[in-house]
Amino acid sequence: MPFQQPDSIRYFTFDIFSNCRVTHAIFTRSGGVSPEPWDSLNVGASVGDELERVIENRTRSFNGLDRDHKSIFDVWQVHGSEVICADAPRKTGTPILKADAILTDQPQVTLFMRFADCVPVFLYDPVHAVVGMVHAGWPGTIKRAAGLAVAKMRNKYGTKPVDILAAIGPSIGPHHYQVGPEVVEQVIKAFGEDAQSLLQQSLDDPPDKKQFNLWKANRLILEQTGVRHIEISAICTACDIGDWYSHRGENGRTGRFGALFALSSSG
């Protein structure tokens, strides 16, 4: 079963990592301490919630997977394509680096990111024991952040893309993700002849809007780098705001759900 709930914390896991020496989770919004509109496991500190509650929610998330919250390495997500390699946890009080992809080969480091419609991309190289996580909204997808993360894994750790196990997590589905002409133009510029397959228009869409399939786009990016093993959750965050925070589905007044990825200490 993809959903796990050992206690009040409920989270999603990927089948592709079921027999791997990794710890991972994409947390639903259940089991936290935040009130509406952030109810309840909000881990975003920049959406209006009180910092004390956010810290408690992050701690509960880590405890739910038996990870020390002090092992966290997170970044200031800016819808870019910068890739950071983490050799140690981020110490409390140190500046948070701006990036949208994190890699590590250190079991004592827990990668952690926040989402509310954007695409979580998980990357695992079982040969060299490297994990990575990417935050890809439409800007990060256009900039091929996931592909740049794979390239960094190859250059830094010797990863072969064919060995990578990749997963695309809960995020906004194409049927809820209408974009305007300015985004459509950038998709066409970035993906060329493949853009047509990533942009669809239904009878219900306004004439100047198209649906951008972020799942398919990120899968294509990974495949073009040589990744062959890819799982897509196909869970739309805007379809189920009972489980997920959705920036679009809740008109911008919402929290952020957390995603966690780490090498198991035994491997």
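Below are the figures for this structure:
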| item | result |
| --- | --- |
| Estimated FRET transfer efficiency (Ile55, Leu97; beta-carbon r; R0 25 Å; 0.05) | 0.80 |
| Value of relative contact order over the chain, rounded to a whole percent, pairs C-alpha under 8 Å and six or more apart | 24 |
| Separation of the Arg248 and Glu36 label points, Cα + 7 Å toward Cβ, nm | 2.4 |
| Value of [θ]222 nm, deg cm²/dmol, for the chain, DSSP H segments ≥ 4, -39500 (n - 2.57) each, nearest 500 | -6500 deg cm²/dmol |
| Where labels lie 7 Å past Cα in the beta-carbon direction, separation of Ser264 and Val78 in nm | 3.7 |
| Candidates Asp66, Asp204, Asp49, ranked by Gaussian network fluctuation over the chain, Cα under 10 Å, top entry | Asp204 |
| Difference of contour (0.36 nm per residue) and Cα-Cα distance, Gln4 to His128 | 41.9 nm |
| Tensor-based shape of segment 111-267 (alpha-carbon gyration tensor, a/c under 1.5 rounded, otherwise prolate or oblate) | oblate |
| Among (i) 20.5, 71; (ii) 20.0, 66; (iii) 17.5, 54, the entry that matches Rg and Dmax of the Cα atoms in Å as calculated here | (iii) |
| Shape metrics for segment 1-70, restricted to C-alpha atoms - Rg then Dmax, Å | 12.7, 39 |
| Added length on full extension, which subtracts the Cα-Cα distance from 0.36 nm per residue, Ser202 to Asp66 | 44.5 nm |
| For the chain, built as a Gaussian network whose Cα springs stay under 10 Å, the top-fluctuating residue of Val127, Val183, Val150 | Val127 |
| Spin-label proximity, Ala151 to segment 72-89 - amide N less than 16 Å from point 7 Å beyond Cα toward beta carbon | 80-85 |
| Restraint check, Lys143/Lys209; Lys70/Lys156; Lys160/Lys210; Lys156/Lys210; Lys70/Lys98, Cα-Cα greater than 30 Å | Lys160/Lys210; Lys156/Lys210 |
| Where trypsin sites (Lys or Arg not before Pro) in DSSP loops with at most 13 other Cβ within 10 Å are excluded, longest remaining stretch of the chain | 92-227 |
| Most fluctuating residue given options Ala99, Ala190, Ala136, as computed from a GNM of the chain linking Cα atoms under 10 Å | Ala190 |
| Note, ³J(HN,Hα) from phi for segment 103-112, Karplus 6.51, -1.76, 1.60, rounded to Hz, x at Gly and Pro | 10, 7, 10, 10, x, 7, 9, 10, 6, 9 |
| ³J(HN,Hα) computed for each position of segment 166-176 - Karplus, 6.51 cos²θ - 1.76 cosθ + 1.60, integer Hz, glycine/proline x | 10, 9, 10, x, x, 6, 5, x, x, 5, 10 |
| As computed over segment 18-153, the Cα convex hull volume per residue (Å³) | 111 |
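Every number here is computed from the coordinates shown, using simple stated rules; none is lab data. As the structure is a prediction and not an experimental result, all values here were calculated from the model. Neighbour counts run over all protein chains shown; Cβ positions are idealised from the backbone, glycine included.
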